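Reviewing the structure listed below.
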Amino acid sequence: MPTERSDSAASAGVAGAGGARVLLWVALLLAVVLHLYGLYRPGEPGESEWFPQSDKVLHFLGFAAPSALAVLVFRHWWPIVVFAVHAVVSEVAQAWWLPGRDGDLVDVLADLSGLLPAVTIWWWLQRRGSRPSASATADSSPTSRTSAAARRPNA
């Protein structure tokens, strides 16, 4: 009977991890849709801002959310590069092809600064993944080194 309990507990843990992964994917897809809508919707004349330069805050958040979620979903650095390239491409597209919109170098800087949370998450994942395991730590202990040295034949 205890085996069934531990099996069901293990299954629940896997299902919980899978559920979290699905939620990350849903959040990423929603963030990307909002990101693309915010960048590529046509502008309207006389569009007001909430406060001076509030569009820069929206540019920061518009890149921070999807890039951070993408790094969490894919656990890799390449989404940061994709969003960095997209920061420049989106401003060029706004300047040349979208009615009522204009490209702005300061917007590109706000977009790129929005990648800082993703870079921080990627760095944290790398540090977390590069920690030595317990067995690697045991192998590098002073007694292990002495034992290994004692076993080596003299040359």
### Task
Mind sorting His86, His35, His76 by how few other Cβ atoms lie within 10 Å of their own Cβ, fewest first?
His76, His86, His35
### Task
Can you figure out the FRET efficiency of Ala17 with Val89, using R₀ = 41 Å and their beta-carbon distance, to the nearest 0.05?
0.70
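Bear in mind that the values in this text are calculations on the coordinates, not laboratory data. This structure is a prediction, so every number in the text was calculated from the model and none was measured. Because the Cβ atoms are built from the backbone with ideal geometry, glycine has one as well, and the counts that use them run over all protein chains shown.
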